[in-house]
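Let me begin by presenting the structure, written as C-alpha cells, before commenting on it.
The values are calculated or read from the model by the stated rules, or taken from the named source; none is laboratory data. Bear in mind that the values here come from a model prediction, so they are computed numbers and not experimental data. Here the Cβ positions follow ideal geometry from the backbone for every residue, glycine too, while neighbour counts run over all protein chains shown.
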Amino acid sequence: MSTMPAQHGHSEACCNLPPVVSKGYEGKGVYEELGGYNSYVTGPKDATRGIISIMDIFGFFPQTLQGADILATSDKDNKYKVFMPDWFKGEACPIEWFPPDNEDKQKKLGSFFEKHTPPSVAKQVPDYFKAVAAKYPEITTWGIMGFCWGGKIVSLVTSSDDNPFKAAVECHPAMVDPSEAEKIKVPLLMLASKDEPVEDVKKFEQNLTGPKQVETFDDQIHGWMAARSNLEDSRVKEEYSRGYETVLKFFAKYV
C-alpha cells in the first residue's frame, strides 16, 4: 500500500477528521428540496466553496452521509457546503440486491440501471447545479464528486462542454471508460478499489490531460467510501478515513 504525500503547498495537518463512527451514524446536515430533488445539505453557513456529491445507488446511507459531513467539517481553512441529491426520488436500490449472485437479483438490478442510467442523470446535473448555485450565491467555487455509479456520472459531467465544476473526484467508480478521460480538462482525483479493472484505471489516468491524481486502495472493495463500507472493520475504517483526507487535500488545492 502506498501512502499519499502532502500536496504541494498544503501541509499534512490541513485536515482534522473527526473520529469515524462505526455504526449508527446520524447525519449533522438537513434535507432540502433543491432543483426538484430532496437533498442532504451539510456544512457551515459561511462556506464559500461547494461540493455536489453524487451518491451510489443505495441512497442516503449512514456511511455516505458521514462522508459528506467529514468533507464539510474537517478543513477549517477551506469551508465547504456539501449537497447530495436523491436522484432516485426515494426509491434507491436495496443494498440486499448486491452482490447480484442469483438470477432474481440480476433482473432487479438490471431494471434499476435501465431506469437510472448514468447518461440520463448526468444530463440533469447542470440544471440541479444552477438551482443550488442560485439559492446559495455566497458559494463562488464548486467541485463535484461521485461514488461507484456516481463516479461514472462525474466522468460524463466533467467531460461535457458545459461543465461548471473546477475539480472532480471519483471514488471507486463504476464503468470506467478511458475514452471519457480525454475530454476532462479539470483536475481529477480517482480513488480506485481492488475491484475496478486495473487496465481501465491505468488507461484512464494516462488519458487525462489536466492535473490528476490516481491511487488504488489495493485491499478495499468497490464501495468502501460509501454504502458498502464496513466501518466496524478497523482496516476499512482506516482506509475510509484516509480516502476522505485525500479528497480534502485535493479539493483544498483545486477548488
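If Gly59 satisfies every condition in (1) of a type outside the set (D, E, K, R); (2) at positive phi; (3) in contact with a strand residue (DSSP E or B) (Cβ under 7 Å, 6 or more places away or on another chain) but one, which is the exception?
Among (1) of a type outside the set (D, E, K, R); (2) at positive phi; (3) in contact with a strand residue (DSSP E or B) (Cβ under 7 Å, 6 or more places away or on another chain), the lone unmet condition for Gly59 is (3).
Is there a residue being touching a residue at least 24 places away in the same chain (Cβ under 8 Å), over 14 Å from the mean Cα position of the chain (by Cα) and not in a loop (DSSP other than H, G, I, E, B) anywhere in segment 228-235?
No, there is no match, as no residue in segment 228-235 is touching a residue at least 24 places away in the same chain (Cβ under 8 Å), over 14 Å from the mean Cα position of the chain (by Cα) and not in a loop (DSSP other than H, G, I, E, B).
Within the set of pairs 6 or more residues apart or between chains, which connect a residue that is under 15 Å from Thr246 (Cβ atoms) inside segment 211-223 to a residue that is modelled with pLDDT under 95 and of a type in the set (S, T, N, Q) with Cβ atoms less than 9 Å apart?
From residues that are under 15 Å from Thr246 (Cβ atoms), the pairs are Gln213/Gln7; Glu215/Ser2; Thr216/Ser2; Asp218/Ser2.
Which ones in segment 236-255 are in contact with a strand residue (DSSP E or B) (Cβ under 9 Å, 6 or more places away or on another chain) and free of Cβ contacts under 8 Å to residues at least 40 places away in the same chain?
Glu239
Take the conditions under 26 Å from Ser193 (Cα atoms) and either out of contact with any Asp or Glu (no Cβ under 9 Å at 6 or more places or on another chain) or polar (S, T, N, Q) (or both) and apply them to Pro118. Does it pass?
So Pro118 passes the test.
For segment 31-51, name all the residues that are out of contact with any Leu (no Cβ under 9 Å at 6 or more places or on another chain) and over 28 Å from Glu96 (Cβ atoms).
Passing the criteria: Glu32, Glu33, Leu34, Gly35, Gly36, Pro44, Lys45, Asp46, Ala47, Thr48, Arg49, Gly50.
Give, as residue ranges, the strands (runs of 3 or more DSSP E) completely inside segment 22-103 that count at least 1 residues that are within 15 Å of Gly146 (Cβ to Cβ) and touching a residue at least 12 places away in the same chain (Cβ under 8 Å).
Answer list for segment 22-103: 37-42, 49-54, 80-85.
Restricting the search to segment 130-182, which residues are of a type in the set (Phe, Trp, Tyr) and under 15 Å from the mean Cα position of the chain (by Cα)? Before the answer, list the steps.
First pass over segment 130-182, keeping only residues of a type in the set (Phe, Trp, Tyr): 136, 142, 147, 149, 165.
Matches in segment 130-182: Trp142, Phe147, Trp149, Phe165.
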